[in-house]
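What follows draws every value from the coordinates through simple rules; no lab data is involved. Fair warning: this is a prediction, and the values are worked out from it, not measured in the lab. When we count neighbours, we look across all protein chains shown, and the Cβ atoms used for this are built from the backbone with ideal geometry, even at glycine.
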Amino acid sequence: MKSIEQEAIRLIRQKMKEKGLNSSQLSKKMGMHPSSVSKMLKEGQLRLNRLSELSVVLEFNLLRALADQLELNNPPKHTLEEATRVRLRELEIENATLLKVLSK
């Protein structure tokens, strides 16, 4: 798997290409020195505030795109809630059945 920094740079370059921006134009939009932008793109050292600024300039949520690519071992919360809801319904049915049997 690519590092998160490599993926961020890939996304930034992709969005720059889509917008027709070179690093010099991007640096002007961000209020940065062109060499700083070039260095950032070459070395892949990005701070969160820079990712946030880049998201605004490129009109693309880089932070969300990167977060969506994280592989987590934990299942999504809604899956747990759904499983719990299903199990609760099963137990309610079982409980009702047992109450009927015991009342006979």
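Values for this structure:
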quantity	calculated
Selection count where residues are surrounded by 13 or more Cβ atoms within 10 Å (Cβ to Cβ) and either among the hydrophobic types (A, V, I, L, M, F, W, C) or more than 18 Å from the chain's Cα centre (by Cα) (or both), scope the stretch 1-12	5
Of all residues in the stretch 33-61 being more than 10 Å from residue 9 (Cβ to Cβ) and aliphatic (A, V, I, L, M), the one that is surrounded by the fewest Cβ atoms within 10 Å (Cβ to Cβ)	48
Residue match in the stretch 24-31 (condition: of a type outside the set (Lys, Arg), within 23 Å of residue 3 (Cβ to Cβ) and loosely packed, with under 13 Cβ neighbours inside 10 Å)	no
